[in-house]
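A quick write-up on the structure given underneath.
Read the figures in this text as sums done on the coordinates, not as results from a lab. Because the structure is predicted, anything quoted here is derived from the model rather than measured. Cβ coordinates were reconstructed from backbone atoms using ideal geometry, including for glycine residues, and neighbour counts include every protein chain displayed.
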Amino acid sequence: RERTFLMLKPDAVQRGLVGDIIARFEKRGYKLVALKFMNASEDLLKRHYADLSSKSFFNGLIKYMSSGPVVPMVWEGKDVVKQGRSMLGETNPLASLPGSIRGDYSIDIGRNVCHGSDSTESAKHEISMWFTEKELV
Ligand code: ATP
């Protein structure tokens, strides 16, 4: 069964959006497989965002993502990778439709509420970075 990795970013935690975003995925019919609440180390975040390491915003992104707790999660169900990205909206919140998570809750690309894997391969890789096999319930 298909799984994806989602991570609520520090802005989602700080603004009290955790419950609402989880509820959207539950109500859609997806199954929660793993979840934790943690301060992510810069080392882990650099590995997570390794493909962006040449970008001008990389250092700011790592600093931001380590500035407060995040909520990494694994969700399972039909087409969850693609549907999850669609529920999130576009990377730039200003290009996101109302009804999507970013379209409803954000206006700033650096504070876009939630991460979602962009393919089944990256989902597998990200899940293994953030969770041990035992933590997947
Ligand atoms: P995510 O990986 O968070 O789901 P994404 O896959 O839609 O986002 P990426 O291109 O992988 O987008 O960028 C990762 C994150 O880096 C974005 O979610 C955003 O928070 C940040 N980011 C991307 N582009 C910019 C930018 N031009 N300026 C500042 N931050 C950016």
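With 0.36 nm allotted per residue and the present C-alpha distance subtracted, the E26-S67 stretch has 12.0 nm of extension available. Estimated from helices alone, the mean residue ellipticity of the chain at 222 nm is -11000 deg cm²/dmol (sum of -39500 (n - 2.57) over DSSP H runs with n ≥ 4, per residue). Among the listed pairs K31/K124; K27/K63; K9/K55; K78/K124; K9/K82; K9/K36, those whose Cα-Cα separation exceeds 21 Å are K27/K63. Neighbour counts of other Cβ atoms within 10 Å put D11, D51, D104 in the fewest-to-most order D51, D104, D11.
Annotation: extensible slack from A50 through K124 equals 25.1 nm (criterion: 0.36 nm per residue apart, minus Cα-Cα distance).
Taking a ≥ b ≥ c as the square roots of the eigenvalues of the Cα gyration tensor, the stretch 58-137 is classed as oblate, since a/c reaches at least 1.5 and a/b does not exceed b/c.
With a cut-off of 13 Å between beta carbons, the residues surrounding N59 carry a summed charge of +2, where Lys and Arg count +1 and Asp and Glu -1. With distances taken between every two different alpha-carbon atoms, the chain has a Kirkwood hydrodynamic radius of 15.0 Å. Run the paramagnetic zone check for L97: 7 angstrom along Cα to Cβ, then residues of the stretch 66-86 with backbone nitrogen under 17 Å. Residues 82-86 fall inside that zone. Across the chain, C-alpha contacts under 8 Å between residues 6 or more apart give a mean separation that, scaled by the residue count, equals a relative contact order of 38 percent.
Annotation: the residues V13, V33, V80, sorted from fewest to most other C-beta atoms within 10 Å of their own C-beta, follow the order V13, V33, V80.
Between I107 and D43, the modelled labels are 4.0 nm apart [label points 7 Å from Cα along Cα→Cβ].
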